[in-house]
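A.B. asks: Once you've had a glance at the structure underneath, I'll fire off some questions.
The values are calculated or read from the model by the stated rules, or taken from the named source; none is laboratory data. None of the values given here were measured: they were computed from a predicted structure. For neighbour counting, all protein chains shown are included, and Cβ atoms are generated from backbone atoms with ideal geometry for every residue, glycine included.
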Amino acid sequence: MTKKLIILLLAITPIAAFAQNAKLAHINTSELFNQMPEIPGIETQLNTKQEEISKNGQALVDEFNKKAEEFQKLAPTSSETVKADQQKQLDQINERYQMFLQNSQREMEELRQKLLAPVQQKIATAIKAVGDEKGYTYIFDLAAGNPVYFNATNAEDATPLVKTKLGIK
């Protein structure tokens, strides 16, 4: 029994020493991200691309509607072969539209990632620099989800330090 107690104390001692030396901080990357000076320009580029996609999508919808209207006018006098051909044309336009939607979503996501990656890297670099400068053991991101336990009096808020590092007021 005594041996087990001694082993337990020896095992806990390094953990307790580490906990006493650990310097903790928290940050809110969502707040930082929204205040980055690059974000308005990125949002403008994304909105412009979205408008272009919407315009192209509307052109496909208009083409479909025009063909459908033409086919309805001709339907009473058309043979079954002509009707089948007309339905096939409508189906092809619909397929093109569905492919367009899928490709547009992928394209928008790729553009978003491409434009935001440098901003995310800039924030990560600033967080690391602040962590190194201030000697933090851990910097927790409050934007990543609710921490299991968080007491602001026991951890320093590194957000203002990272804002300074990024030149955000």
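A.B. asks: Please tell me if residue 50 is under 30 Å from residue 110 (Cα atoms), surrounded by 13 or more Cβ atoms within 10 Å (Cβ to Cβ) and not small (Gly, Ala, Ser).
C.D. replies: Working: under 30 Å from residue 110 (Cα atoms): yes; surrounded by 13 or more Cβ atoms within 10 Å (Cβ to Cβ): yes; not small (Gly, Ala, Ser): yes.
Taking the combined requirement at face value, the residue satisfies it.
A.B. asks: Further question on the same structure: Go through segment 126-136 and give me each residue that's exposed (fewer than 12 other Cβ atoms within 10 Å of the Cβ) and assigned to a helix (DSSP H, G or I).
C.D. replies: Across segment 126-136, the qualifying residues are 132, 133.
A.B. asks: Criterion first (β-branched (Val, Ile, Thr) and at pLDDT below 90) does residue 125 satisfy it? Break it down into steps so the answer makes sense when it comes.
C.D. replies: Values: β-branched (Val, Ile, Thr): yes; at pLDDT below 90: no.
Against the criterion (β-branched (Val, Ile, Thr) and at pLDDT below 90), residue 125 does not qualify.
Results for (1) closer than 30 Å to residue 142 by Cα; (2) without any contact (Cβ under 8 Å) to a residue 24 or more places away in the chain, shown as yes or no for each residue.
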site	(1), (2)
34	yes, yes
37	yes, no
44	yes, yes
58	no, yes
71	no, yes
80	no, yes
86	no, yes
112	yes, no
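A.B. asks: Another one. If you go through segment 98-111 one residue at a time, do you hit one that is of a type in the set (A, V, I, L, M), in contact with a helix residue (DSSP H, G or I) (Cβ under 7 Å, 6 or more places away or on another chain) and modelled with pLDDT under 90?
C.D. replies: No; the residues of segment 98-111 include none that is of a type in the set (A, V, I, L, M), in contact with a helix residue (DSSP H, G or I) (Cβ under 7 Å, 6 or more places away or on another chain) and modelled with pLDDT under 90.
A.B. asks: A follow-up question, please. Under the condition of being β-branched (Val, Ile, Thr) and assigned to a helix (DSSP H, G or I), which residue from segment 137-169 is modelled with the lowest pLDDT? Steps first, answer last, please.
C.D. replies: Step one: filter segment 137-169 for residues β-branched (Val, Ile, Thr), giving 137, 139, 148, 153, 159, 162, 164, 168.
Subset that is assigned to a helix (DSSP H, G or I): 153, 159, 162, 164.
Details: 153: 64, 159: 85, 162: 87, 164: 90.
The residue in question is 153.
A.B. asks: Just checking, which of 141, 85 is farther than 28 Å from residue 30 by Cα and either touching a Phe, Trp or Tyr at 6+ places or on another chain (Cβ under 6 Å) or surrounded by 12 or more Cβ atoms within 10 Å (Cβ to Cβ) (or both)?
C.D. replies: Values: 141 fails: farther than 28 Å from residue 30 by Cα.
Answer to the selection: 85.
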